[in-house]
Ligand code: SF4
């Protein structure tokens, strides 16, 4: 390597290093804006895990009459996520136009459930 090509290589290397923070910020913005635009995620009622606990976004849409039983003295119509022991009221927000909060049950995987929803793990709030 002669002196001229050495300095060309060094120049190229310095240029590439100088661009790294710019590229990194652009990538960060891309990922960050996607995450921010996505907002809080709701449990998909069609998800396999949600189906396994009969989760519905509206308690009134549950079709299986055999599941619509009173529990702990609470009529089925009043068994909604917002009245469930696993609904995290302190984290309630709006997601996809619905009042929602994270559900502590493992099937939810940290996602939000609709305040008006229901699943077969419903338990009366203390
Ligand atoms: S466990 Fe409770 S809060 Fe969670 S989905 Fe079922 S009814 Fe809703």
What's the long-distance tail for region 48-114, i.e. % of Cα pairs beyond 14 Å?
60
Hey, can you rank 63-70, 82-89 by average C-beta count inside 10 Å, highest first?
82-89, 63-70
Mind checking the full-extension length gain between residue 44 and residue 89? Use 0.36 nm per residue of separation minus the Cα-Cα distance, one decimal, nm.
14.2 nm
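Where a number appears in this text, it was derived from the coordinates with a stated rule and is not lab data. This one's a predicted model, so the numbers in the text were calculated from it and none came from an experiment. Cβ coordinates were reconstructed from backbone atoms using ideal geometry, including for glycine residues, and neighbour counts include every protein chain displayed.
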